[in-house]
């Protein structure tokens, strides 16, 4: 069986430390495998990728995301039955949390050897990239909107503290303004603190939002805390982290979608996808069910909807009010 192992050790000291510790075990488990060490932030697609039956990605969630976008950007390439396996370099990986991968590397290798496949949903996002040009990206786990890139570590490490800091700003002084559209109908228009879309149950490098895995849901979660007095979070945060959606709660806009258009103008409306800063609003998000085949211990329950049935809907829309180009 042709196996390709892609290791992000050249660009990550953490992955390098992980690889140095476990490469003997991994190499002995797959002695005939080819090993590829990317040397650029966006890994180049290996030659003859289609000849490999199993592709094992070694690294963290942002790297997994970039690799999927580089190797399978059209999703057509992965329709030949190729299987993807993740070997995370940390026990806190957002991907392994949602796929319920075991924490021990030896057990993860046993899961890979089982070749039990779980079809995994993706989100196709059309947005404005950092050069001011319309672009497209496949989202593997989560999206953060409106979180300043420089303040991202504080957001991830101290979620509640970040909310408290943001909530002290009066709505009139908050620069974030957003418009949500679903089925061409405006469903929200006004100020917001930040927004997040979730396919998984854990934010990349951040807190766990749901205790249970989010998989086979045919939708993604959209959660948007709005400007409010600090005391209001005492009531809204428990529902936010319990997965309870309340359409009548003005403090937290929380719903499930398969398609969503998010409009906003300005550099403050940044988009961070799977831990990677990719660009800014406006953007469209379209769920692509059962897009890639991932090796996982989770048992797959078949669904009738596939990404191909919604592929036409995922075409890029014309961004509005964003003609400025940034060097």
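Here are the numbers for this structure:
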item	result
Ratio Rg/Rh [Cα only; Rh per Kirkwood] for the range 3-120	0.91
Pairwise FRET efficiency - residue 51 versus residue 25, Cβ, R0 = 25 Å, nearest 0.05	0.50
At R0 = 22 Å, FRET efficiency that the Cβ-Cβ distance of residue 34 and residue 104 yields, to 0.05	0.30
Difference of contour (0.36 nm per residue) and Cα-Cα distance, residue 135 to residue 183	15.1 nm
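No lab work stands behind these numbers, since they all come straight from the coordinates. Computed from a predicted model, the values in this text were never measured in an experiment. We place every Cβ from the backbone using ideal geometry, glycine too, and count neighbours over all the protein chains shown.
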